[in-house]
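Accompanying notes for the structure given below.
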Amino acid sequence: MMKKIIIGAMVSALSTVSLAQDKQQDVAFSPDTNRIKSHLFFLADDLLEGRDTGSRGHDIAALYIATEFAKYGLKPMGTDGYMQAVDFRKATLVQESPSLTLTTDKGETELKYPKEYLTGPDLLDTQSSLKGKMVFAGYGIIADELEHNDYKDIDVEGKIVVILSGKPKSFPSEMGAHLASGSQKAQYAIDNGAIGMISVTTPTAEKVRPYQSRLSYIHTPRLAWLDENDKPANTFEQLKGSAFLSEGAARQLFDNAEMSLDEIYAMLEKDETPPGFAIPGEISLQKQSKHSQITSPNVVAAVEGSDPELKDEYVVFSAHSDHIGFAKTVKKDNINNGAMDNASGTAVMLETARLFSQMENKPKRSILFVSVTGEEKGLLGADYFAHNPTVPVDKMVANVNLDMPILTYEFADVIAFGASHSDMKASVTEAANNAGIELSPDPWPEQALFTRSDHYAFVKQGVPSVFLVPGLKSKDPEVDGSKVFGQFLSTHYHMPSDDTNQNFNWDAARTFAEVNAQIGFTLATQEKAPTWNDGDFFGTTFGK
Ligand SMILES: [Zn+2]
């Protein structure tokens, strides 16, 4: 059944001239599920070999996306036609190389890699060496807004900070996700003069992401986009090394310290942040990394707006086209097809682009479609685009991100990460209600999803953003959405079985496309550009 949705465009009370044109601008959003399906099946085909950043499979995906944009008559908005090539440095850890030694007055202890600790490849140096005294610094977070400062009574100048992974339970989820992100913690450490950072697992971290599950990522290279001086972005020269300790290794570290690991964990249980203190002894970490350079494209296109002035402003749709390539384990099927991550979101974005291109009455603002690379490597393509946009950064008025919609059941609600920070929440709620579904709060605050997809790169450049995922409520009483989602995460997420053999529900795909397209339409049509809420943390921190 095709559904026609009437959107009453927002009308400016002051402008009587535009009133007649704007009044009841009827727009039929009828996503074609056959198109969504064919995009998804092409992008998730074995021939694309899991679309790893820089691979031929991903290049083919990018070419397919550019070809579709061209087919709909979209305006090329890359740096070379639709393409925006991004150069990356790729660093791979020499697996035999890491050595981590703990020296105390009791003697030397060599910790075992990767059983007891993990360390990633170094993007700046092929030979890394870190040696120094240690200071425990709680979670390693400084947040004036929450009157939290783990560095307040300690001196870490020239030393290695030892910090707990994650954040206090009492932190608001999206703000907390930002404050506890790796790059923020590295920044706090540097600001206080530290030379290295050792993170320690916690009972909460073990629940969210067990140490054991991290072992399957030890061969994963690290990438950073290169700026015009070929310097890797978001890297910290002052930090000479970092590592992540298992519970067992952490226990040894705190053995002679003021507090034992158990005493620290007991405080976390009560949501108390332990005080900082010097840890007796020294730590030294050595490792080798191999460097290479790769290039991978973002693909950028626009549907021009209808208003002579507002068309210089852009509502940005983003979806990552890359995935994680081949699985390391040698099995019959070793291709991570990424059907839901993110062939699904990309397919929805392509259909959204077609819908906007065919609209008779275009919205006032232009719509920019950005297919980003390197998401799985740390939101890199989006971060590159947000730093090197092909339209002025202050003309990007909003970002609507599409990532990993699980399209296997008819969902009765959506979760909109980021919506509560700006006045976009009203547009999201309206779009959801028009599609007959509800807006639900984040059911997984501990997953910090707000910082785990591409919209976060736009947020950090001050662009109000939303990122919708199908909620856990199901229209079908026989289907438990929460169970379906949990099963996806445990049996398909980042595995070769995230492929086209899954049980797709194309009505769900249609609803998802409809809701997102409507949000984009409203934002591009309303007189006023979206704004951060008054006093909002992200608006205050990054907004203009
Ligand atoms: Zn992913």
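Structure above, values below:
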read-out: The chain - percent of accessible surface contributed by carbon and sulfur, probe 1.4 Å; value: 49 percent
read-out: Residue-averaged [θ]222 nm for the chain, counting only DSSP H segments that reach four residues, each worth -39500 (n - 2.57); value: -8000 deg cm²/dmol
read-out: Span-rule helices in the chain, defined as complete DSSP H runs reaching 18 Å or more along the axis (Cα) with Kyte mean at least 0.0; value: 56-71, 344-358, 506-525
read-out: Positive dipole terminus of the chain, leading residue within A419, T126, H39 (C-beta point charges); value: H39
read-out: For region 79-173: relative contact order, % (alpha-carbon pairs under 8 angstrom, 6 or more apart); value: 20 percent
read-out: Computed magnitude of the charge dipole of region 421-544 (debye, nearest 20; Cβ of K, R +1, Cβ of D, E -1); value: 260 debye
read-out: Largest-first ordering by accessible area, 1.4 Å probe, given options K332, K106; value: K332, K106
read-out: Size of electric dipole in region 91-291: Cβ of Lys, Arg +1 and of Asp, Glu -1, about Cα centre, debye, nearest 20; value: 700 debye
read-out: Amide H contacts of E438 (H built 1.01 Å from N, under 5 Å, at least 5 apart or other chain); value: D413, V414
read-out: In Hz, Karplus ³J(HN,Hα) per residue of region 79-87 (6.51, -1.76, 1.60; θ = phi - 60°; x = Gly, Pro); value: 9, 9, x, 7, 8, 10, 6, 10, 8
read-out: Among A398, N433, T346 - extreme Cα towards positive end, dipole of the chain, charges at beta-carbon; value: T346
read-out: Relative contact order of the chain, defined on C-alpha pairs under 8 angstrom at six or more residues apart (%); value: 20 percent
read-out: Cα-based shape type of region 91-291, given that a ≥ b ≥ c are square roots of the gyration tensor eigenvalues and the cut on a/c is 1.5; value: rounded
read-out: With all protein chains modelled, accessible area of Y265 [1.4 Å, Å²]; value: 20 Å²
read-out: 11 Å beta-carbon shell around T101, net charge (K/R +1, D/E -1); value: -2
read-out: Whole-Hz ³J(HN,Hα) from phi, Karplus 6.51 cos²θ - 1.76 cosθ + 1.60, for region 451-466, glycine and proline x; value: 9, 10, 9, 4, 4, 4, 5, 6, 3, 5, 9, x, 8, x, 9, 9
read-out: Accessible-area value, E430, 1.4 Å probe, nucleic acids and ligands omitted, Å²; value: 80 Å²
read-out: Long-range amide H partners of N149 with built H, under 5 Å; value: A143
read-out: Test item: Cα-centred dipole of the chain, Lys/Arg +1 and Asp/Glu -1 on Cβ, debye; value: 920 debye
read-out: Whole-number percent relative contact order across region 91-291, with pairs defined as alpha carbons under 8 Å at least 6 apart; value: 40 percent
read-out: Placed amide H near G132: partners under 5 Å, 5+ positions off or other chain; value: I283
read-out: Region 91-291, accessible area per residue, ligands and nucleic acids excluded (1.4 Å, Å²); value: 46 Å²
read-out: Residue-by-residue Karplus 3J(HN,Hα) for region 111-128, coefficients 6.51, -1.76, 1.60, Hz, glycine and proline x; value: 7, 8, 9, x, 5, 10, 8, 10, 8, x, x, 9, 7, 9, 10, 7, 10, 10
read-out: Accessible surface of D383 - all protein chains present, 1.4 Å probe, nearest 10 Å²; value: 10 Å²
read-out: Residue-normalised accessible area of region 316-415, given per residue in Å² at a 1.4 Å probe; value: 25 Å²
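The values are calculated or read from the model by the stated rules, or taken from the named source; none is laboratory data. These numbers come from a predicted model, not from an experiment. Because the Cβ atoms are built from the backbone with ideal geometry, glycine has one as well, and the counts that use them run over all protein chains shown. Ligands, DNA and RNA are excluded from the accessible area calculation, which covers all protein heavy atoms including side chains. Shrake-Rupley method; radii C 1.70, N 1.55, O 1.52, S 1.80 Å.
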